[in-house]
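Everything below concerns the one structure shown next.
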Amino acid sequence: MRVAVAGCCHGELDKIYETLALAERRGSGPVDLLLCCGDFQAVRNEADLRCMAVPPKYRHMQTFYRYYSGEKKAPVLTIFIGGNHEASNHLQELPYGGWVAPNIYYLGLAGVVKYRGVRIGGISGIFKSHDYRKGHFECPPYNSSTIRSIYHVRNIEVYKLKQLKQPVHIFLSHDWPRNIYHYGNKKQLLKTKSFFRQEVENSTLGSPAASELLEHLQPAYWFSAHLHVKFAALMQHQATDKDQAGKETKFLALDKCLPHRDFLQVLEIEHDPSAPEYLEYDVEWLTVLRATDDLINVTGGLWNMPEDNGLHTRWDYSATEETMKEVMEKLKHDPKVPCNFSMTAACYDPSKPQTQVKLVHRINPQTTEFCAQLGITDINVMIQKAREEEHHQCGEYEQQGDPGSEESEEDRSEYNTDTSALSSINPDEILLDEEEEQEEEEEAVSAHSDMNTPSVEPSSDLSTSFSDVRNLPSSMFVSSDDASRSPASGEGKSGETVGSGDEQDLAKFPLKRLSDEHEPEQRKKIKRRNQAIYAAADDEDANAE
């Protein structure tokens, strides 16, 4: 089947579907599935905008609300994960996944589903070491701390995914697995994004949690976004059985949705022709959710997952044939994901803007139905009960603080390097205000590199530039000039394909940028507080394109 993959969406649904239609006209047929790798921005109304961790100037309504209201319908089944710029209050309603609009499905904090026999897994958010071992304690209204911590990956989600034993075909993460850049054209990556050099050379760029999942799951394909650059890699895993060759993972990261950017790729993925053409629950994943239900934590305190160290009575929560049969019985032997989308918040009305919409912590009926059928706990119900108890004990309701924020160095995550916001600034990334980031350090950044706004207001000439400039490659291609330094022997050689396509196409479509961006030769150090000056000037240049 034909699967399209998109990088950071930033609310540009109309533009993504327009580009997809163009790819279908140029390709060999219609696309069956669209996968989006985060920063989706499912914004329904003005209140949702206030729950997005971006400076006010980036809070644009964009076009998702039209799909939410039913004015438009996604032309292809769309599955997405969350990133670090989301309407967090909306996605929080669906911790186990669900429909955010007809034909648009969110995978949840972590999740696995099936489509036409292909297992698709994913994990939402980005890695942040000091929040990794906390529970899911945040709820609206968020404060300056929780509006960011809400999208930080937690150890329990990684732990659940590591209980999976059956093969996963496709996996999605927003940030890259750490060290994946050593398995592709690293020289080209650093030529395109030279400000990544220090992290790449120190092997600290990316998420160690995602790297742990990559090593465990070893999916056939892994797709990411976040760093706003296209990058392909081929990772050869070590064989666990001497009689069998190790598995391969074809990795592809994509750019953000803007003109002249490589944000969309169409691939041919093998599927089961006899499998149904609708979205299905993954029984093994649901079995793991049931088994780990007692591990749910809604406090901001730090905690560790059970392991075989003599301190826990149980540490293996993987599925068995018997427990999976129990889940199938609960599903009445029908794993089809019900089309039970329902609106839970008022939709944006351009003629009647509501700037003072109250933020409410909602319970979504999809989650209620899912939890009741499976016999598990709705995380949001637990959070509300915890808040009620806190209110009762304190005698008055107070806005949530940031519990657990004063942890000692000894209590920090086992991953001691925090790269959720790169220590070398990516000029393409949206930066939060300095007082919110609480970072004063000087960092190397180009004074003249592209700081295009990842969330662009629709304009009359934008669709023209999309349709005119896109040249979608027919294959993912790795041509590494530094293959000799690759950890996996023989990887990254010229001519290796990381995807489908005609062999004759390889010479025509090497891994290259389609953008007219160029990295400046001169670089200088500036403080983060001064970046807005340069961003403002570059925004004007971007709008003039």
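Some points to look at:
- Residue in the stretch 228-242 that is within 18 Å of S124 (Cα to Cα) and out of contact with any helix residue (DSSP H, G or I) (no Cβ under 7 Å at 6 or more places or on another chain) present: yes
- Residues (open to solvent by 10 Å² or more (accessible area, probe 1.4 Å) and either touching a Leu at 6+ places or on another chain (Cβ under 8 Å) or among the acidic types (D, E) (or both)) located in the stretch 196-216: R197, E201, E212, E215, H216
- One residue stands out in the stretch 66-87 among those that are touching a Lys or Arg at 6+ places or on another chain (Cβ under 9 Å) and not basic (K, R): the one that is nearest to Q373 (Cα to Cα), namely Y68.
- Considering the conditions (1) touching a residue at least 24 places away in the same chain (Cβ under 8 Å); (2) out of contact with any helix residue (DSSP H, G or I) (no Cβ under 6 Å at 6 or more places or on another chain), L311 is excluded by exactly one of them, (1).
- Among the residues of the stretch 124-141, those identified as farther than 26 Å from G70 by Cβ and assigned to a loop (DSSP other than H, G, I, E, B) are G125, F127, K128, Y132, R133, K134, G135, H136, F137, E138, C139, P141.
- Number of positions in the stretch 330-357 that are over 23 Å from G70 (Cα atoms) and either surrounded by fewer than 12 Cβ atoms within 10 Å (Cβ to Cβ) or under 24 Å from the mean Cα position of the chain (by Cα) (or both): 4
- Single match in I363, I383, I376 (criterion: at pLDDT 95 or above, on the phi < 0 side of the Ramachandran plot and in contact with a Cys (Cβ under 7 Å, 6 or more places away or on another chain)): I383
- Test: residue in the stretch 116-123 that is in a strand (DSSP E or B), surrounded by fewer than 24 Cβ atoms within 10 Å (Cβ to Cβ) and either touching a residue at least 40 places away in the same chain (Cβ under 8 Å) or at negative phi (or both): yes
- Scanning the stretch 218-233 for residues that are open to solvent by 10 Å² or more (accessible area, probe 1.4 Å) and over 23 Å from H85 (Cα atoms) yields Q218, A220, Y221.
- Close pairs (9 angstrom Cβ cut-off, 6 or more residues apart or separate chains): farther than 25 Å from G83 by Cα and in contact (Cβ under 8 Å) with a residue 24 or more places away in the chain in the stretch 247-274, open to solvent by 10 Å² or more (accessible area, probe 1.4 Å) and of a type in the set (F, W, Y) anywhere: H271/Y115
- Across the stretch 261-268, a minimum of one residue is classified as under 21 Å from the mean Cα position of the chain (by Cα), open to solvent by less than 50 Å² (accessible area, probe 1.4 Å), over 30 Å from A372 (Cβ atoms) and of a type in the set (D, E, K, R).
- Inclusion of L107 among residues that are within 22 Å of E369 (Cβ to Cβ), open to solvent by less than 10 Å² (accessible area, probe 1.4 Å) and at pLDDT 95 or above is warranted.
- Yes/no for E322 being out of contact with any strand residue (DSSP E or B) (no Cβ under 9 Å at 6 or more places or on another chain), at pLDDT 95 or above, open to solvent by 40 Å² or more (accessible area, probe 1.4 Å) and under 17 Å from Q166 (Cβ atoms): yes
- Of the residues contained in the stretch 241-248, none is found to be crowded, with 23+ Cβ neighbours inside 10 Å and either under 27 Å from E138 (Cβ atoms) or in contact with a His (Cβ under 6 Å, 6 or more places away or on another chain) (or both).
The values are calculated or read from the model by the stated rules, or taken from the named source; none is laboratory data. This one's a predicted model, so the numbers in the text were calculated from it and none came from an experiment. Neighbour counts run over all protein chains shown; Cβ positions are idealised from the backbone, glycine included. Only protein heavy atoms, including side chains, enter the accessible area calculation; ligands, DNA and RNA are left aside. Shrake-Rupley method; radii C 1.70, N 1.55, O 1.52, S 1.80 Å.
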